[in-house]
Amino acid sequence: MQSAPFNLSRLVIWTGRLLLGGIFIFAGYSKLFAPNLYTQSYLMFKLGLLMNLSNFENQVRSYNLLPDSGVWFVAHALPPAEIVLGLLVLVGWRVRYWLTIVTAILGGFFVVVTRAYLLHLEIDCGCFGKPEPLTGWTVIRDAALLALAVAATLFAYREARAEHPWAAASPERAA
């Protein structure tokens, strides 16, 4: 048996999985735990978690896009979703589906960040939990991550449609 060839599409998929999965896990973790991590007791841990979510809620609100109920939902649902999606992308099970969701989320981030930048809003990005001013580099970073996600997703779908190199040749092909 010959081994599976390592080509450009597999390199892009692996790079996308490692980078995007790691970044999503880090982004979700930093929004939930990083700024205020109190582990002395359960009460202090819960207080730190609530403070972090409140801070992230203020960062989401500063984009002036969602009503209060939407801001609350995004601020409380996005960090755990990022962690779960990052883990699923890293694991690689059904990766094309998870990469599609990651690409859609990154596309939304890119649109929102670009809009805020073009409107010259003096806000914090909110990407990694800590206060980070929204600059042109933030837009470029999001564009690069979106390009990687799109490429990895397209290559993952193409790889899923291709016949596996270890598959036995069918009688029709052998003739």
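Only one of the listed residues (VAL150, VAL139) is without any contact (Cβ under 8 Å) to a residue 40 or more places away in the chain, of a type outside the set (Ser, Thr, Tyr), outside any loop (DSSP other than H, G, I, E, B) and out of contact with any His (no Cβ under 6 Å at 6 or more places or on another chain). That residue is VAL139.
Looking only at the stretch 27-72, which residues are out of contact with any strand residue (DSSP E or B) (no Cβ under 8 Å at 6 or more places or on another chain) and of a type in the set (Ser, Thr, Tyr)? First the steps, then the outcome.
Taking the stretch 27-72 as the starting set, the residues that turn out to be out of contact with any strand residue (DSSP E or B) (no Cβ under 8 Å at 6 or more places or on another chain) are 27-58, 60-61, 63-72.
Passing the criteria: TYR29, SER30, TYR38, THR39, SER41, TYR42, SER54, TYR63, SER69.
If you go through the stretch 11-34 and pick out every residue that is touching a residue at least 60 places away in the same chain (Cβ under 8 Å) and either small (Gly, Ala, Ser) or in contact with a Lys or Arg (Cβ under 7 Å, 6 or more places away or on another chain) (or both), you end up with 6.
State which residue is surrounded by the most Cβ atoms within 10 Å (Cβ to Cβ) when the search covers only the stretch 80-134 and only residues that are among the hydroxyl-bearing types (Ser, Thr, Tyr) and more than 29 Å from ARG158 (Cα to Cα).
Restricting to residues being among the hydroxyl-bearing types (Ser, Thr, Tyr) and more than 29 Å from ARG158 (Cα to Cα), the top hit is TYR117.
Evaluated against (1) at pLDDT 95 or above; (2) closer than 14 Å to TYR63 by Cβ; (3) touching an Asp or Glu at 6+ places or on another chain (Cβ under 8 Å), LEU106 falls short on exactly one condition, (2). Scoring ALA77 on the criteria (1) surrounded by 11 or more Cβ atoms within 10 Å (Cβ to Cβ); (2) at pLDDT 95 or above leaves a single failure, condition (1).
The values are calculated or read from the model by the stated rules, or taken from the named source; none is laboratory data. Small disclaimer: the values here were computed from a predicted structure and weren't measured. A quick note on method: Cβ atoms are made from the backbone with ideal geometry, for glycine too, and the neighbour counts reach across all protein chains shown.
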